[in-house]
Structure formats: C-alpha cells, structure tokens
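**Q** Dropping the structure in here first, questions after.
The values are calculated or read from the model by the stated rules, or taken from the named source; none is laboratory data. Please read all numbers here as calculations on a predicted model, not as lab measurements. Reconstructed Cβ throughout: ideal geometry from the backbone, glycine too, with neighbour counts over all protein chains shown. All accessible areas refer to the heavy atoms of the entire protein, side chains included, with ligands and DNA or RNA removed. Shrake-Rupley method; radii C 1.70, N 1.55, O 1.52, S 1.80 Å.
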Amino acid sequence: MSEGSDGPWELPKGWAWVPFADVARVASNLVSPFDYPDLPHIAPNHIESETGRLLPFATVAEDGVKSPKHLFSSGHVLYSKIRPYLAKVVMAKFDGLCSADMYPISTEIDAGFLAFWLRSPAFTGLAAKHQGRSVLPKINKEALAKLPVPVPPLDEQRRIVAMLEEQLSRLDAAIGNAAHAMNSAETLIRSVKAKAVRDLVSKFPTVRLADELSEPLRNGHSARAEVGGMIRTLTLTAVTKGIFDDAHTKMTAADPDRVAKLWLKRGDILVQRSNTPDLVGTSALYEGPDDWAIFPDLLIRVRTSARLDAHFAQLVLSAPQTRHYYRSQAKGLAGSMPKIDQETILNTPIPLPDLEVQRQTLHKVARVIERARYATTTGEVYRAKSAALRRSLLTEAFAGRLVPQDPADEPADGLLARIRAEREATGATKSRRRRTRRAPVRRPSDVPPPARSDAPSLSAATQPTLDLEMPS
C-alpha cells in the first residue's frame with residue numbers, strides 16, 4: 001500500500017497505508033509458566049475494552065498458570081485475538097507472561113501509535129470482519145498481518161500519541177469521577193434502605209413473608225428461545241437491572257397451557273433464586289402491563305396480601321439486611337451458581353406496620369432514592385458520551401485531523417524504506433532467541449500491583465469535578 005487512497009480512506013500528504021506485517025509482527029515466544037512464577041500474568045480479562053486500561057492482575061504462580069504462555073517485554077503491544085470487536089489492547093510497561101489468547105506485538109513504528117490504532121473503531125471494524133469461528137471469534141496471525149495501518153511521519157506519530165494521551169487522560173479522570181459519584185449514590189441508597197428497615201423492626205411486629213401472601217410462591221418456566229415464538233419471557237437481567245422492556249425479554253416456544261398461571265400482573269415481585277453470589281436473591285417489582293410476559297424458572301414470583309403493600313415489601317426485600325439473609329442461606333455445589341429455595345423466601349422477616357406507615361416510609365425513602373438515582377443516571381449518560389468522545393478522538397487522529405502536519409517532517413515513505421532496509425539486513429525471518437530464566441522483574445511504580453479485585457481503584461482526589469448533585 002502507499003500514500004493516498006490505497007486504504008480505507010484518503011490520508012494526508014506524507015502518510016502511507018501499509019499492511020500490518022510491514023511495520024509490526026507477533027513476537028511469539030511460548031514458555032513454561034513454571035520458569036517464571038513471579039512474573040505478572042496478563043489475560044484478556046485484565047484489559048478494559050476500548051480504553052487500554054490495565055485492570056488489577058496477579059502473578060503467574062498466584063493465578064495457578066500451568067499451560068505455556070507468551071513471554072512479553074516492556075514496550076510490546078498486547079492484543080487480545082479473541083473477540084476482536086472488544087478492542088482489548090494495552091501497552092506493556094513491564095515484562096511478564098500473557099495468555100496464549102493474546103498476541104505480544106513488536107513494531108518499528110511508535111508503539112503507542114500502533115496501540116491506539118489497534119483500539120480505534122476503524123481497526124476494530126476491520127478486524128471483526130476477519131474473525132473466525134462463531135462461538136468464540138478469533139483473528140489469526142495471517143489475517144492480522146494483512147490488515148492496513150496508517151503510517152504518518154514518525155514525529156507526527158509522536159505528536160498524535162502525546163495529544164491522545166493528554167486528552168484521554170482528562171477523559172479518564174472525569175469518567176473516574178462519574179464512577180465515584182455513581183458508587184456514592186448506590187451506597188446512599190443501600191444505607192437509607194437499611195436504616196428504614198432497622199427503624200421499623202425496632203417499632204413494629206415482624207412477621208414471616210409467608211404470612212402475608214395472597215397466593216403461594218411460584219417458580220417460573222424456561223423454554224427454548226425461538227424465532228416466531230409466541231410467549232414473551234423475561235430474562236434474569238430484567239430483574240438484576242429492574243428494567244422490564246422488550247430488550248430484556250425473549251420470545252420462546254413455551255406451551256401456553258403450561259404457563260397459563262405464570263403471566264405477570266402489576267405489583268408482582270420477582271426474586272432471583274439462582275445467580276452469582278452477589279446477585280442471588282436480587283428482587284424487582286414488576287409495574288408493567290398485566291399478561292405482558294411470563295418469567296423463567298430461575299425466578300420466584302411473590303404476590304403480597306392486602307395488608308402488605310407490594311412496594312413496601314420490595315423495599316424490605318431489597319434492603320441490605322434481607323440481601324445478606326439470602327446470601328447466607330444460598331446453597332450450591334462447588335463450581336455451580338448458589339441457589340435459594342422457596343422456604344428461604346417464605347421465612348423472610350418483614351416488619352408490618354399499618355398501610356399508612358408503610359406508605360409514609362416509602363415516601364421518605366423515595367425522596368432520597370430519587371436524588372441518588374439522578375446522580376446514577378447522569379453518570380451513565382456521561383459515561384456513554386465519554387465513550388463516544390473517545391472513539392471520535394481516535395477517528396480524528398487516524399484521519400490526520402487531530403494535530404497539524406509539519407512540512408518539515410520526513411514523509412512516511414522514508415521511515416518505511418529504513419524499516420525495509422533494516423529487516424533485509426537483519427533477516428526478517430530470523431528466529432528469535434529464547435530467553436534464559438531470570439530473576440523476577442521489578443514493576444515500575446506506575447503499574448498496578450498484583451491484586452484480585454474486579455475493578456481498579458479510582459481516586460477522586462486528582463480528578464476533575466463532575467457536577468452531580470447528591471443529597472446530604
């Protein structure tokens with residue numbers, strides 16, 4: 001490929017389109033993990049999609065790695081070859097071992113520039129077209145080698161990287177601030193629910209939920225999803241998120257007679273009888289139209305008596321005390337999702353003031369939750385806009401519109417000619433010498449230490465303020 005329109009779009013003067021293999025290569029170096037127990041172990045799940053943010057990780061020994069992995073070096077670009085549409089790419093700032101589902105990539109152009117290109121919407125779209133398999137899509141080395149890379153002058157590559165790092169670091173800081181506000185909002189919601197239930201328990205008699213049902217609990221029914229199916233069935237996500245719409249349902253081939261008693265009514269409470277340890281026992285109040293959908297087998301339906309307001313019952317069921325009770329009662333075989341049974345739900349303790357006090361409590365809690373939800377909703381909107389801005393910045397960068405061109409820069413053709421000459425001089429097919437065992441590598445101070453957390457810590461102290469109103 002060459003300068004101009006021999007690629008997906010027209011490039012500025014001095015740039016050139018080239019195949020990936022002309023400027024980068026997969027630095028395959030499979031080694032035994034037992035020779036490197038103290039090195040960091042990086043897998044696709046340690047890289048955040050699209051952002052290149054490295055999530056907390058552990059060492060090879062701590063992860064119990066047994067199969068061969070790629071030995072990578074600081075300066076390599078780590079690219080996840082599975083599910084390429086997720087754009088999981090990170091610049092390595094230390095030596096370590098990475099999953100065989102990743103490619104450690106060396107390059108003769110600016111490594112940061114290449115990493116940004118591999119995370120760009122344009123490259124991700126091109127890679128996704130070449131992914132093989134249907135269950136677990138992957139892109140092989142041969143397909144990767146042929147994909148195009150826009151190459152600006154080397155100095156411009158560095159200016160682009162500097163500009164992207166500056167702009168995206170600000171964006172990441174603001175996103176972190178939004179995440180902090182959202183976490184604070186969720187903490188506030190849990191706190192106000194816990195206090196409301198605690199105060200009620202101290203003042204009013206407590207009964208078993210079993211004593212305040214209008215009909216027996218009922219498990220749902222799971223049927224095969226089918227194009228043209230006639231029975232709309234909720235997904236578990238509908239209850240996890242508390243969102244009941246078409247996107248959280250599926251059409252199934254359930255037998256109408258078998259599910260005749262499973263159609264939802266407004267005011268039904270649905271409890272997840274099986275899910276992950278964090279989600280088992282999660283509940284949600286259905287307030288949609290009657291007979292719109294049925295519910296699957298992993299949900300249990302609760303219909304309350306006239307003495308127990310359904311909204312109040314849901315407040316108690318979603319309070320931290322009840323969630324802790326459900327988790328403590330969950331059972332399951334090793335390796336399976338924990339489950340609670342109907343008896344556990346029937347034994348749920350419920351404070352039972354009169355209906356007027358129930359409604360007063362709901363009103364007080366709702367006022368605080370409404371303000372907290374505003375912060376959560378605002379944060380979600382901000383995160384979505386930030387993701388769009390990130391993609392826009394990358395698009396502008398690789399169209400040559402992010403930084404100005406400098407006529408004094410050496411054109412890309414000169415850089416590419418030197419790369420070809422150096423490869424010819426050293427032998428492009430020369431096998432890489434296997435490294436000998438060495439002492440554990442000391443991690444730089446800016447690399448997160450090994451940890452077993454689901455998400456990186458985010459400090460709000462150094463992040464710009466996001467104006468999200470929170471109740472005092």
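**Q** What percent do you get for the relative contact order of the range 108-226 when only Cα pairs under 8 Å and 6+ apart count?
**A** 20 percent
**Q** Let me ask something else about it. Based only on Cα atoms, what Rg/Rh ratio does the range 294-396 have, Rh being taken as Kirkwood's radius?
**A** Over the Cα atoms of the range 294-396, Rg/Rh equals 1.14.
**Q** For the pair TRP292 and ALA366, how long in nm is the line joining their label points, each one 7 Å along Cα→Cβ?
**A** Going from the TRP292 label point to the ALA366 one covers 1.8 nm.
**Q** Place +1 on the Cβ of every Lys and Arg and -1 on the Cβ of every Asp and Glu in the range 200-323, take the dipole about the Cα centre, and give the residue among LEU317, VAL201, ILE294 whose Cα lies farthest towards its positive end.
**A** VAL201
**Q** Ok, one more. Treat every Asp and Glu Cβ in the range 18-94 as -1 and every Lys and Arg Cβ as +1, leave all other atoms uncharged, and give the resulting dipole magnitude about the Cα centre to the nearest 20 debye.
**A** Dipole of the range 18-94, to the nearest 20 debye: 200 debye.
**Q** Quick one: accessible area per residue over the range 16-120, 1.4 Å probe, rounded to a whole number of Å²?
**A** On a per-residue basis, the range 16-120 sits at 30 Å².
**Q** So what's the chain giving for Cα Rg divided by 2.2 N^0.38 Å, two decimals?
**A** Rg over 2.2 N^0.38 Å, computed on Cα atoms: 1.22.
**Q** For the pair ALA247 and ASP38, how long in nm is the line joining their label points, each one 7 Å along Cα→Cβ?
**A** Distance between the two pseudo-spin positions: 4.8 nm.
**Q** Let me ask you something else. Give, in whole angstrom and from largest to smallest, the semi-axes √(5λ) of the equivalent ellipsoid of the range 35-131, with λ running over the eigenvalues of the Cα gyration tensor.
**A** 23, 14, 11
**Q** Also: Do you know the relative contact order of the chain, to the nearest whole percent, from alpha carbon pairs under 8 angstrom that are 6+ apart?
**A** Computed value for the chain: 20 percent relative contact order.
**Q** Please compute the volume of the convex hull spanned by the alpha-carbon atoms of the range 228-294 and report it per residue in Å³.
**A** 90 Å³
**Q** Hey, could you grab the Kirkwood Rh for the range 146-190? Inverse mean 1/r over distinct alpha carbon pairs, Å, one decimal.
**A** 13.4 Å
**Q** Let me ask something additional. Could you check the spin-label model distance between ARG224 and VAL357? Points 7 Å from the Cα along Cα→Cβ, value in nm.
**A** So the two model labels end up 5.4 nm from each other.
**Q** Additional query: Return the long-range amide H neighbours of VAL18 (sequence gap of 5 or more, or a different chain), with a cut-off of under 5 Å between placed amide H atoms.
**A** So VAL18 has HN proximity to VAL149, VAL151.
**Q** Hey, quick one: spin label on THR426, modelled 7 Å out along Cα-Cβ, who in the range 62-102 has an amide N within reach, i.e. under 16 Å?
**A** Output list for this probe position: 73-77.
**Q** Accessible area of the chain with a 1.4 Å probe: how many percent of it is carbon plus sulfur?
**A** Answer for the chain is 53 percent, counting heavy atoms of protein chains only.
**Q** Considering Cα pairs under 8 angstrom that are at least six residues apart, work out the relative contact order of the range 285-401 and quote it in whole percent.
**A** Relative contact order of the range 285-401: 22 percent.
**Q** Show me the ranking of peptides 216-225, 338-347, 253-262 by mean Cβ neighbours inside 10 Å, starting with the highest.
**A** So the order, starting with the most tightly packed, is 338-347, 216-225, 253-262.
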